[in-house]
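The values are calculated or read from the model by the stated rules, or taken from the named source; none is laboratory data. What you see is a predicted model; the values in this text were computed from it and never measured. For neighbour counting, all protein chains shown are included, and Cβ atoms are generated from backbone atoms with ideal geometry for every residue, glycine included.
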Amino acid sequence: MSMIEVNDLRLGYENRVIIEQLNFTVQTGDYLCIVGENGSGKSTLMKTLLGLQKPMGGSIVFGDGLKKNEIGYLPQQTAVQRDFPASVREIVLSGCQARCGWRPFYNKAEKQLAEKNIERMGMTAYAGRCYRELSGGQQQRVLLARALCATQKILLLDEPVAGLDPKVTAEMYELIDSLHQEGITIIMISHDIKAALCYADHILHIGRRIFFGTKEDYQNSDFGRLFLWQEDGDKDV
Amino acid sequence: MFETLWEYLQYPFVRYALIVGVLVALCSSLLGVTLVLKRFSFIGDGLSHVAFGAMAIAAVLNLTNELLIVMPITVISAVLLLRTGQNAKIKGDAAIAMISVGALAFGYLLMNVFSTSSHLSGDVCSTLFGSTSMVTLTLTDVWICTVISVIVVAVFLLFYNKIFAVTFDEGFALASGTGVKRYNLLLAIVIAVVIVMSMKLVGSLMISALVIFPAVSAMRLFKSFRSVTVCSVVLSVTCALAGMVISILAGTPVGPTIVGVNVAVFFLCAGLGALLRR
């Protein structure tokens, strides 16, 4: 059984349909990259997968013992967060919130989990530091550590490299790749088709036409070639 | 100076005022940090105006305990305001401004038209800026205030981690299954309760100062959510006590004096923060 199975999904808001007849599956251990132009519904799809928004039709089925709140989510940063007075440790620990349920305080295991994930992201030296004083790349690592506290299985990343410089971007991709090697399923929204083709094994292209398949199929399809050619064209001009 | 203070402390109403002042300062600053960070600072202001309108209704109806009407009206408004903040045709800040000005005007109108007392402007003034003499507090007020404070502090401590999660990142909290709506509702109710509670002491125009100043001052100095919260409470209580002592000794109105001390402390913290960062 697949980890996530999306059947005939229809997305949109206020009676306006953005995507129709969306079908794809995610298997355990996949690295899926969702690409598409601005406004094609990438973020809407992600919100629907997370259960923040109801689909207009179709279904999303979780398998392989994945529960709805076991998805680790790396959202795009909000303005509120940029000057939020909170230590790295406090933020990462808040990823354990879902485990708590009605219990008001974090237990020892959760605190250890947070420390472990801070270490995993190479942020141990910064654990007591203030979030707003970190660089963009460091902030993303903190949020990634928080997402890892919420899940052992699957990460949903919404434009994880937005606003990062090339060197930090490359480090971020390597970091995500290493998590994938450890067996975590990755779903990533990206503008960066080059990186998608470098790291992902499946591509979901949404827009007026929808493509879903392996990276190789995408590169060999007329549709994929056209999109890649356009991307290259944009860069040359 | 201390003798004068000691003399005043012999009067029960002065002691009541000090107790109520400390409790109000404690509760308002606890919530202040979250409100400021959630960009909801003005909700306190809007709600206090609503409470003023409700107070006017209570005065016109000649109720013995105005809390019975002020509390529910303010709580309902808080819930409505927070709800419109999320998905509304009228944006959050505009909605707050509309409700707050509307309630203020309505309240004054009511008091003006149906007023039973001989010195109307005095009544309005004390509702807006807090009573000048603090003699209006009764033992019942002190008890109500104590009970509410205990509840507010307990709620805050029990839900501290949830409040943090919801304040820092609503989207993530929602995605990981935390009932964001539930906690926003809880926050709204607690804010409304605290505001109604603070009205007697500082008056409805000054409450938002009690909510906002300690939090913003603490943020100049500290860098983690917990230390900011603790510092905000300490600052708030100290400022309230200092303000009340000054007002007793100098004979100034309580509310504005407390706010004045808060303003001074804010500039002190801002300066100190700038020095530390260098």
Of all residues in region A:143-158, which are away from chain B (no Cβ under 11 Å) and crowded, with 19+ Cβ neighbours inside 10 Å?
A:LEU144, A:ALA145, A:LEU148, A:ILE154, A:LEU155, A:LEU157
Given the condition buried (at least 24 other Cβ atoms within 10 Å of the Cβ), touching a residue at least 12 places away in the same chain (Cβ under 8 Å) and not hydroxyl-bearing (Ser, Thr, Tyr), answer yes or no: does some residue in region B:174-185 qualify?
no
Counting only strands (runs of 3 or more DSSP E) wholly inside region A:8-115, the ones holding at least 3 residues that are touching a residue at least 24 places away in the same chain (Cβ under 8 Å) and away from chain B (no Cβ under 14 Å) are A:16-26, A:31-35, A:57-62
Across region A:13-28, what is the number of residues that are surrounded by 17 or more Cβ atoms within 10 Å (Cβ to Cβ) and not aliphatic (A, V, I, L, M)?
3
Is there a residue being under 19 Å from B:MET199 (Cβ atoms), under 19 Å from the mean Cα position of the chain (by Cα), crowded, with 17+ Cβ neighbours inside 10 Å and at pLDDT below 80 anywhere in region B:94-103?
yes
A:SER178 being loosely packed, with under 15 Cβ neighbours inside 10 Å, under 21 Å from A:MET3 (Cβ atoms) and either more than 16 Å from the chain's Cα centre (by Cα) or not aromatic (Phe, Trp, Tyr) (or both):
yes
Any hit, region B:243-262, residues being within 28 Å of A:ARG89 (Cβ to Cβ) and either within 14 Å of chain A (Cβ to nearest Cβ) or surrounded by fewer than 16 Cβ atoms within 10 Å (Cβ to Cβ) (or both):
no
Taking the criterion of being at pLDDT below 90, farther than 25 Å from B:LEU9 by Cα and part of a helix (DSSP H, G or I), would at least one residue in region B:257-267 satisfy it?
no
Selection status of B:VAL237, assigned to a helix (DSSP H, G or I) and either within 14 Å of chain A (Cβ to nearest Cβ) or touching a residue at least 24 places away in the same chain (Cβ under 8 Å) (or both):
yes
For region B:175-183, check the following and say yes or no: at least one residue is assigned to a helix (DSSP H, G or I), touching a Phe, Trp or Tyr at 6+ places or on another chain (Cβ under 7 Å), within 11 Å of chain A (Cβ to nearest Cβ) and modelled with pLDDT under 85.
yes
Check on A:ALA127, crowded, with 23+ Cβ neighbours inside 10 Å and either under 20 Å from the mean Cα position of the chain (by Cα) or at pLDDT 85 or above (or both)
no
Counting only helices (runs of 4 or more DSSP H) entirely within region A:130-237, those with at least 3 residues that are within 29 Å of A:ARG10 (Cα to Cα) and at pLDDT below 85 are A:193-199, A:215-220, A:222-236
List the helices (runs of 4 or more DSSP H) inside region B:1-72, counting only whole elements, that have at least 2 residues being surrounded by 20 or more Cβ atoms within 10 Å (Cβ to Cβ).
B:12-37, B:41-61
Quick one: how many residues across region B:145-173 are facing chain A (nearest Cβ under 10 Å), more than 16 Å from A:ALA98 (Cβ to Cβ) and not aromatic (Phe, Trp, Tyr)?
3
Quick one: count up the residues across region B:199-234 that are more than 14 Å from chain A (Cβ to nearest Cβ) and assigned to a helix (DSSP H, G or I).
13
